[in-house]
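No lab work stands behind these numbers, since they all come straight from the coordinates. Note that this is a predicted model, so its numbers are computed, not measured. Methodologically, a virtual Cβ is constructed for each residue, glycine included, from the backbone with ideal geometry; neighbour enumeration extends over all protein chains shown.
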Ligand code: BV8
């Protein structure tokens, strides 16, 4: 059983103005690899080649090989107890806002509605000619790199480095962070901006800032409470299973 302060328990029970920001660590116990840290995807420093528009223009097949492998892997993953605890808590407290950097769709699969997805969705693709995006859950894809009916290349409908976040998503998330009483930063290394600015926005406006992670991050010294535990263990304890 994870230990929480009385203050945190009281804020969770009140349930007024709770915002949760999740990162790759939220899905680690579902079997989805994280980006940084021990088994991180980007240990070999290939982020520039795999998660940028320039990398895609240079070698669309190499980028799609990576995204296709993630789509296939994630299609076999299920939401964990942490995703389910957040979904149930959101049902009981409809004003709770869930903001995610993840593109794996596991919050929606767990039943969370109204997820603010800052970095897009692995199971949506976008035509590189007209920019229109659509859901595409085919696993595996029929060809790599996949093409639109118009013949143009399709790209993953995710936000790459150097790209702007989806219209309105950051504004909605920032407004929620400004108004919340309790901000939970869960399973994120807190290094990717502008998402990483959200906890600081909440803290500056007087929210109680809590970090749930298995290790310290640059956010830890700023947090009011750091819970060093896996998300799938801490969240059911904190929010109720
Ligand atoms: C942008 C693609 C405007 C989708 C990703 C200052 C201001 C603005 C921008 C910048 C800035 N400084 C630098 C920038 C540029 C850049 C940036 O932030 N770079 C960083 C690296 C310094 N930001 C951008 O480019 C953003 N765009 O700002 O546009 C602009 C335009 C032009 C020029 C400037 C600005 C776009 C950012 C989005 C990039 N796309 N991914 C995909 O393929 O997935 S980001 C990538 O990192 C993922 O999306 C991921 O979501 C994100 C954050 O990583 P985390 O989720 O935190 O995952 P990570 O592996 O790092 O950490 C996991 C954590 O979990 C660890 O702490 C670990 O301990 C913990 N953990 C592990 N197991 C568990 C656990 N915790 C709990 N339980 C467990 N079981």
Checklist entry - Computed FRET efficiency, Cβ-Cβ of residue 216 and residue 130, R0 30 Å: what is it to the nearest 0.05? => result 0.10
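For Cα pairs less than 8 Å apart in space and 6+ apart in sequence, what is the mean separation divided by the residue count of the chain, i.e. the relative contact order in percent? Walk me through the numbers before you get to the answer.
Working: 437 pairs, mean separation 61.8, N = 241.
RCO, the chain: 26 percent.
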Item to check | Relative contact order of the stretch 1-126, defined on C-alpha pairs under 8 angstrom at six or more residues apart (%) | outcome: 28 percent
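Could you put 119, 107 in order, starting from the residue whose Cβ has the fewest other Cβ atoms within 10 Å?
Numbers: 119 20, 107 27.
If I rank by nearby Cβ atoms, fewest first, I get 119, 107.
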Checklist outcome for this item: Taking every C-alpha to C-alpha distance in the chain and binning by 5 Å from 0, the per-bin percentages run 1, 6, 14, 19, 19, 16, 11, 7, 4, 2, 0, 0
